[in-house]
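The values are calculated or read from the model by the stated rules, or taken from the named source; none is laboratory data. If you're wondering where the values come from, they're calculated on a predicted model, not measured in any experiment. Glycine also receives a Cβ, built like all others from the backbone with ideal geometry; neighbour counts cover every protein chain displayed. Protein only, heavy atoms only, side chains kept; ligands, DNA and RNA dropped before computing areas. Shrake-Rupley method; radii C 1.70, N 1.55, O 1.52, S 1.80 Å.
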Amino acid sequence: MPKLVTVQRLELELEKAQEYVKTHILFPAGLLGLICVISSAAALIYQFVTETYGVRAFEETTGLLAGGALLGWGQTRYHRYLLREFPGYFAARMRAFERKGPKKSRKDVAAAQLDHPGRSLVPFSYALGAGMLLGLSALSLFSGHVDKVAAVMMPWAGFFWAKLFFWRRVLSAAEVKSKK
């Protein structure tokens, strides 16, 4: 009997973790990605209409999009690792968001600590990634080939859309397994 309870508890933890990913990672990524894509596309259309869009601008916007997508892919791989190895971490965060009023405590989130090799490098990697996106935008801004709005928004569009795309496969496969 204890094995059934343990298996069911682990399945509930995984479901909560997947719910957290959908609610707090995928939904914001989709919304922010859509905003970034629309604003950068509008800026590029304006640049095309004013006849300042050339081959160099195309190369830079493609590079900005690819750089953002690369970083989004990297962050998604890390989060997928966390979901696979530490589903309790995301589940505890979801439970903390579900609680309202005086019942809300940080105890669950604190109880599910992450302890994996390279954990101390994660904040440094996040800062390096954000710095890389801002640096790519700055390089594109200073070169003058791409509109300002597109130069700032295009890497973030790639970042958010890559997160959305690479999570999609993982969660759809998990839903198929849970329906069996």
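Placing dummy labels 7 Å off each Cα toward the beta-carbon, the span from His24 to Arg56 is 4.5 nm. Taking every protein chain into account, the 1.4 Å probe leaves Glu19 with about 70 Å² of accessible area, to the nearest ten. Across region 73-84, coupling constants 3J(HN,Hα) worked out from phi with the 6.51/-1.76/1.60 Karplus curve, θ = phi - 60°, read 4, x, 5, 5, 4, 5, 5, 5, 4, 4, 5, 6 Hz, and Gly and Pro carry x.
What is the local net charge at Leu70, summed over the other residues whose Cβ is closer than 12 Å to its Cβ (Lys, Arg +1; Asp, Glu -1)? Walk me through the numbers on the way to the answer.
Values: positive: Arg77, Lys163; negative: none.
That sum, taken over residues with Cβ under 12 Å, equals +2.
Peptides 80-93, 154-167 ordered by packing proxy, namely the average of other Cβ atoms within 10 Å per residue, highest first: 154-167, 80-93.
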